[in-house]
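To start, the structure under review is shown below, and the notes come after it.
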Amino acid sequence: MRFSISMAFQPVDHLLPLARAADELGYHSMAVPDHVVDLEELATPYPYTADGARRWDSGTAWPDPWVLIGALAAVTTRLRFFTSVYVPAIRSPYQVAKSVGTAAVLSGNRVSLGVGIGWCREEFELLGQDFSTRGRRTDEALALMEQLWTPGWTEFYTAPRLTMEPTPTERIPVLIGGLSEIAFRRAARHDGWVGDIYPTDEAITLAGRLAEVRREVGAEGEFSVITALSDAFLPEHFARAEAGGITDCWTMPWAYYHGLDATLEQKIDGLESFARDVIGPLQG
């Protein structure tokens with residue numbers, strides 16, 4: 001089981017110190033969320049709460065993921081980064097490819113692109129993008145980006161012959177978020193799936209369905225199943241999840257020790273305590 005630190009809703013001045021501590025303590029990665037803006041009024045319900053209310057307060061910081069990952073990579077040496085999740089369909093696929101590819105180069109290939117099709121119609125409209133075609137355009141953008149991340153000339157997407165440098169020296173893994181069968185099939189065609197927060201039994205069921213879909217489409221090779229677990233806190237809980245097909249757990253370890261509203265010092269203490277109490281025993 002690998003562990004990722006969620007950077008959602010964190011004060012901006014906490015981000016670099018947390019990355020340094022996670023890097024030193026042996027955490028696998030950091031998960032970076034994405035929104036361009038946070039609109040005051042929305043008709044679109046948030047899909048991950050029972051009442052459709054957003055999980056964050058007004059004024060929560062949403063740093064640009066790729067600017068942030070560039071800064072985090074500069075103060076770490078081994079920690080990986082992935083977006084949880086990024087929405088290419090509200091942006092030009094060329095700009096997305098440029099930002100992600102540059103971050104991969106500058107970080108020494110420590111980047112994975114976690115992708116969602118997006119849920120907020122108003123954010124799409126504000127940025128001048130069609131909400132109804134976002135799934136198809138996401139698939140087209142991912143195919144284009146794979147080409148743009150390869151050295152040499154690209155002829156694709158009704159584009160003129162072009163290059164986009166620098167190109168990564170290793171392939172950038174693509175992870176897919178979403179709970180629909182379409183999302184599962186999209187994930188099966190790529191490198192992994194990014195989930196939300198689930199009880200362990202539900203997460204194992206989802207991992208089993210993903211494995212079935214991968215067999216149906218003939219997918220092979222390494223595949224990441226990344227999710228948060230609402231009822232796991234002891235080494236044996238995480239070991240059971242791993243045996244059930246969960247490869248990575250993203251978490252805020254300080255919440256177990258100091259609550260979600262911890263100070264920076266308490267967050268770092270939580271990282272240290274979780275590494276000692278959970279990661280160490282799991283690794284033997």
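The values are calculated or read from the model by the stated rules, or taken from the named source; none is laboratory data. Quantities reported herein were computed from a predicted structural model and do not represent experimental measurements. Counting neighbours? That spans all protein chains shown, and the Cβs are built from the backbone with ideal geometry, glycine included.
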**Complete:** When restricted to 226, 176, 246, 172, the only residue in contact with a Lys or Arg (Cβ under 8 Å, 6 or more places away or on another chain), under 23 Å from residue 4 (Cα atoms) and of a type outside the set (Ser, Thr, Tyr) is 176
**Asked** For region 114-131, does any single residue satisfy the condition of being among the basic types (Lys, Arg), at pLDDT 95 or above and farther than 22 Å from residue 218 by Cα?
**Response** yes
**Criterion: among the hydrophobic types (A, V, I, L, M, F, W, C) and either at pLDDT below 95 or loosely packed, with under 12 Cβ neighbours inside 10 Å (or both) - qualifying residue of 210, 179** = 179
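A quick yes/no check of all residues on (1) outside the structural domain of residue 98 (by TED's automatic domain parsing); (2) touching a residue at least 60 places away in the same chain (Cβ under 8 Å); (3) under 21 Å from the mean Cα position of the chain (by Cα):
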site	(1), (2), (3)
129	no, no, no
133	no, no, no
139	no, no, yes
146	no, no, yes
150	no, no, no
164	no, yes, no
177	yes, yes, yes
198	yes, no, yes
**Message:** Regarding region 163-170, can at least one residue be identified that is more than 20 Å from residue 69 (Cα to Cα) and in contact with a Phe, Trp or Tyr (Cβ under 7 Å, 6 or more places away or on another chain)?
**Reply:** yes
**Asked** Hey, any hits in region 110-123 for a residue that's part of a helix (DSSP H, G or I), in contact (Cβ under 8 Å) with a residue 40 or more places away in the chain, within 18 Å of residue 143 (Cβ to Cβ) and in the same structural domain as residue 139 (by TED's automatic domain parsing)?
**Response** no
**Considering residues of region 41-67 that are surrounded by 14 or more Cβ atoms within 10 Å (Cβ to Cβ) and touching a residue at least 60 places away in the same chain (Cβ under 8 Å) only, the residue nearest to residue 107 (Cα to Cα)** = 46
**Message:** Yes or no: region 31-40 includes at least one residue that is free of Cβ contacts under 8 Å to residues at least 60 places away in the same chain and among the β-branched types (Val, Ile, Thr).
**Reply:** yes
**Item:** region 84-104, residues that are more than 19 Å from residue 165 (Cα to Cα) and among the small types (Gly, Ala, Ser)
**Value:** 84, 89
**Complete:** Filter region 18-45 for residues that are of a type in the set (Asp, Glu) and over 16 Å from the mean Cα position of the chain (by Cα); the one that is nearest to residue 84 (Cα to Cα) is 38
**Request:** Mind listing whichever residues of region 132-153 are within 25 Å of residue 70 (Cα to Cα), modelled with pLDDT of 95 or more and not hydrophobic (A, V, I, L, M, F, W, C)?
**Result:** 138
**Positions within region 116-158 being touching a helix residue (DSSP H, G or I) at 6+ places or on another chain (Cβ under 6 Å), among the hydrophobic types (A, V, I, L, M, F, W, C) and surrounded by 17 or more Cβ atoms within 10 Å (Cβ to Cβ), in sequence order** = 117, 124, 131, 141, 144, 145, 148, 149
**Prompt:** Out of all the residues in region 65-97, which are touching a helix residue (DSSP H, G or I) at 6+ places or on another chain (Cβ under 8 Å) and among the charged types (D, E, K, R)?
**Reply:** 78
